[in-house]
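The values are calculated or read from the model by the stated rules, or taken from the named source; none is laboratory data. What you see is a predicted model; the values in this text were computed from it and never measured. Every residue, glycine among them, receives a Cβ derived from its backbone with ideal geometry; neighbour counts consider all protein chains shown.
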Amino acid sequence: MTPLRGAKAYDFIAVNTTVASPSLLPEMKLHLATEITPIWQASEVALQQANIPPPFWAFAWAGGQALARHVLDCPRDHWANRRVLDFGAGSGLVGIAAAMAGARLVRAAEIDPVACAAIGLNAELNDVEIEIVEEDVIDRDPAVDIILVGDMCYEKPLAERLIAWLRPLAGRGIEVWIGDPGRTYRPTHGLAEIARYMVPTSLELEDRETREGIVWKLLP
C-alpha cells in the first residue's frame, strides 16, 4: 500500500485541520486538529486506501511547545549562523521556531509523508524556509550545530536508539536540546535543565489539563 502523498496529503490536511496558534506560541500558526476523535477516525478511513501513520503531526504536544517557546525566548544571537535539525518534527513547530529565531538553516527530519506535507504548509504559513528530510536520520552525521528534539521519549526502543545516537554528538560539541513533559522513557541521567513551562493540554490527548514541559540539554 502506497503512502499518502502530494495533493492527497494536502487535501487530507485541509479537510481535517484548522489554522490555529498553539497555546504557548501565539506568534505561530499551524494546521492543527481541533478535536482528536475526528482526525483519528479519518486516518483509519484513509488507511483503507493508502499507508497513513497515526496523525501525531496534527497536535502541538507539550514537550514540543515548551522547546519551541524556549527557542523563541532565547537571544537571537544564539541562533545567528547556526544550522539546526528538528528531529521527529511532526508539525514542524520546533523547526519553525528556530527559523523564526534567526537560524541560518533549519532541517526537519520526519518519516511520515503526511507530516512532511504539513511541515511544508506550516512553514509557508509562518513565512519561513524549512528543509524537509523525509527519512530516518538516526546514526547519520546531521551536519548541524544544534539538534532539537520535542516530545520523542514516549516509546522505549525509539528513545534508547535516539539517545544512543545523540549522546556522542553532544560529545562532539553539537548542542542537543530535548523538550519533554515527563514521558516514561526520558533519560534519567546526563541532562541539565535549562527551562520549564506550564503547557495547557487536552484531556483527549493527555491525562491532565496541564503538563510541565521541561527543556533539557543533553550532556556528553
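Can Ile111 be described as out of contact with any helix residue (DSSP H, G or I) (no Cβ under 6 Å at 6 or more places or on another chain) and within 16 Å of Ala60 (Cβ to Cβ)?
No; evaluated as a whole, the condition is false for this residue.
State which residue is surrounded by the most Cβ atoms within 10 Å (Cβ to Cβ) when the search covers only segment 135-152 and only residues that are touching a residue at least 40 places away in the same chain (Cβ under 8 Å) and closer than 21 Å to Asp112 by Cα.
Looking at the filtered set, the residue picked out is Gly150.
Helices (runs of 4 or more DSSP H) wholly in segment 1-95 with at least 1 residues that are within 28 Å of Ala192 (Cα to Cα), among the acidic types (Asp, Glu) and at pLDDT 95 or above - which ones?
62-73
Being over 13 Å from Leu218 (Cα atoms) and aromatic (Phe, Trp, Tyr) is the filter here, so list the residues in segment 140-175 that pass it.
If the condition is that a residue be over 13 Å from Leu218 (Cα atoms) and aromatic (Phe, Trp, Tyr), then Tyr154 is the only one that fits.
Quick check on this structure: which one of Thr210, Thr188, Thr201 is more than 22 Å from Lys29 (Cα to Cα), among the polar types (S, T, N, Q) and either surrounded by 13 or more Cβ atoms within 10 Å (Cβ to Cβ) or modelled with pLDDT under 95 (or both)?
One residue alone meets the criteria, Thr188.
Residues checked against (1) buried (at least 24 other Cβ atoms within 10 Å of the Cβ); (2) within 17 Å of Glu135 (Cβ to Cβ); (3) touching a residue at least 40 places away in the same chain (Cβ under 8 Å); (4) in contact with a strand residue (DSSP E or B) (Cβ under 8 Å, 6 or more places away or on another chain):
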residue: Gly63; (1), (2), (3), (4): yes, no, yes, yes
residue: Leu67; (1), (2), (3), (4): yes, no, yes, yes
residue: His70; (1), (2), (3), (4): no, no, yes, yes
residue: Pro75; (1), (2), (3), (4): no, no, no, no
residue: Asp86; (1), (2), (3), (4): yes, yes, yes, yes
residue: Arg104; (1), (2), (3), (4): no, no, no, yes
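Go through segment 154-171 and report how many residues are surrounded by 15 or more Cβ atoms within 10 Å (Cβ to Cβ) and free of Cβ contacts under 8 Å to residues at least 60 places away in the same chain.
Summing the residues that are surrounded by 15 or more Cβ atoms within 10 Å (Cβ to Cβ) and free of Cβ contacts under 8 Å to residues at least 60 places away in the same chain in segment 154-171 gives 8.
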